[in-house]
Number of protein chains: 2
Amino acid sequence: MIRVVILGFGNVGWHLATAFHSAEGVELLQIYNRSEVVKPDFLSNIQFSTSIDALQEADVYILAMPDDCIREFSDNFSEDNKFIVHTSGSVPLTELSDCNRRGVFYPLQTFSKGKSVNFLEIPVCIEAENREDLELLTILGERISRTVRVINSEARASIHLAAVFVNNFSNHMYRIAMDFLEEKELDFSLLKPLIYETAKKIATLAPSEAQTGPAKRNDLKTIKKHLNLLGNSDHRELYSQITRAIQSTYGKKL
Amino acid sequence: MIRVVILGFGNVGWHLATAFHSAEGVELLQIYNRSEVVKPDFLSNIQFSTSIDALQEADVYILAMPDDCIREFSDNFSEDNKFIVHTSGSVPLTELSDCNRRGVFYPLQTFSKGKSVNFLEIPVCIEAENREDLELLTILGERISRTVRVINSEARASIHLAAVFVNNFSNHMYRIAMDFLEEKELDFSLLKPLIYETAKKIATLAPSEAQTGPAKRNDLKTIKKHLNLLGNSDHRELYSQITRAIQSTYGKKL
């Protein structure tokens, strides 16, 4: 039984707690959060604490706090030589204080509170400084996910950057489409099947094979029509720039 | 029974033929293509033709050709007063010759040959100049799709533009991520669950609620790290521009 304490009850902490709570071979002992939190019903038998001095003895402390808080929290973490792991994509392992055994347990997913996810499908990128700790994280990861990979801090930073493109930036494309259609009093939900299919295509086609549209086929007439249609100058600028990027990638210039 | 002839056997023609072939109440009479095509096995009982003079009598002729060919093909379409519809998102109905009854049958989806789609889930945007023709398109659309909407040419152009953002531009974000990870010899497939979840989130959250990441939370330290990591100057430029767009949308400037 791996005994786990979760430090921080934001989006990541919430989803990890949910996954560990129902995982076999994992005992979720306690959840710490700086301030009082609304305790969800399904975690009613888990101890919540706002005092860092009242932490229980655990095999691993999972620090699920914003990137900026990782160093400070870890420096003040009074328990020497405990195993503490953070959950950030972009923060190196070495940001954690070396008074403790250090590691990373990074679930590669976008979390929103209240939107449940199937943790089994989420890749977990792990890192630790010694073999025993890495083994513990491997077992812990496999309790909740089908995909556990040992990834060092440098590689993890690259994966996190790539994740920004596929998640943050794609989602902003959805946002622009929605804002634009709302201006025109048109129904954004018509686009939802297209959004799903765009993502699903990647299962069988490389993005380079799946690319279609006016930029790819260098259809200058449609591109010009689109630029005229876009009333918002920021949207127009972004349309131009991404169109140019696609044209240049596929060998055609404006 | 609605008798259909498909004109053009590219991606859209292929997928429409597949859908109509197995639809009840639709008789797919013939497929015309300018040049010889490889006839798929499952369409072995359908007549293929490369001669425009050998077209059969049909209730509707569906012109599934590139945007640039629509006007020319329709001008040369010798059958007067037939009902001809194009399948383009961005071309107005009026590009079709007025020697015929005109319409639009625009399936709002991204098609790749060989990648099957569930047509039932694909919204079909229809337009026609008279009530009877619109009724015929409504019935025809409902034979293959759960969502049929009457959309005029102006609104359709806006929907098509929004589709470019959610499909073409998102797919290019996937491409950039893949290229970047390949440079680093890292496995793009780790990102696939994140890509699916990003799209699936839109079912329950507006894109504005689903937005996360360094740009949204104005995390300048991570943004700077990412810009340093990006070796390709085009990728760096795009990262900056989309980051600025997100910051400006969510009220924070660089």
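Annotations for the structure displayed:
- Applying the set (1) buried (at least 22 other Cβ atoms within 10 Å of the Cβ); (2) more than 12 Å from the chain's Cα centre (by Cα) to residue B:154 leaves exactly one unmet item: (1).
- Close pairs from region B:132-144: first closer than 13 Å to residue B:16 by Cβ, partner among the acidic types (Asp, Glu) and at pLDDT 95 or above, Cβ under 7 Å, at least 6 apart: B:143/B:24
- Verdict on residue B:201 being surrounded by fewer than 21 Cβ atoms within 10 Å (Cβ to Cβ) and either over 24 Å from residue A:147 (Cβ atoms) or touching a helix residue (DSSP H, G or I) at 6+ places or on another chain (Cβ under 6 Å) (or both): no
- Single match in B:199, B:163 (criterion: in contact (Cβ under 8 Å) with a residue 60 or more places away in the chain, part of a helix (DSSP H, G or I) and on the phi < 0 side of the Ramachandran plot): B:163
- Count of residues meeting criterion [assigned to a helix (DSSP H, G or I) and more than 7 Å from every other protein chain (Cβ to nearest Cβ)] in region B:210-244: 14
- Of all residues in region B:188-198 being at the interface with chain A (Cβ under 7 Å from one of its Cβ atoms) and either surrounded by fewer than 16 Cβ atoms within 10 Å (Cβ to Cβ) or hydroxyl-bearing (Ser, Thr, Tyr) (or both), the one that is farthest from residue A:148 (Cα to Cα): B:198
- The listed residues are A:127, A:142, A:185, and the only one of them that is more than 7 Å from every other protein chain (Cβ to nearest Cβ), buried (at least 20 other Cβ atoms within 10 Å of the Cβ), more than 23 Å from residue B:173 (Cα to Cα) and among the charged types (D, E, K, R) turns out to be A:127.
- Of all the numbered requirements in (1) in contact (Cβ under 8 Å) with a residue 40 or more places away in the chain; (2) in a loop (DSSP other than H, G, I, E, B), residue A:186 misses one, and that requirement is (1).
- Listed by position, the strands (runs of 3 or more DSSP E) enclosed by region A:1-65 that each have at least 1 residues that are touching a helix residue (DSSP H, G or I) at 6+ places or on another chain (Cβ under 7 Å) and surrounded by 17 or more Cβ atoms within 10 Å (Cβ to Cβ) are A:2-7, A:26-32, A:60-63.
The values are calculated or read from the model by the stated rules, or taken from the named source; none is laboratory data. Since the model is a prediction, treat every value here as computed from it, not as a measurement. For neighbour counting, all protein chains shown are included, and Cβ atoms are generated from backbone atoms with ideal geometry for every residue, glycine included.
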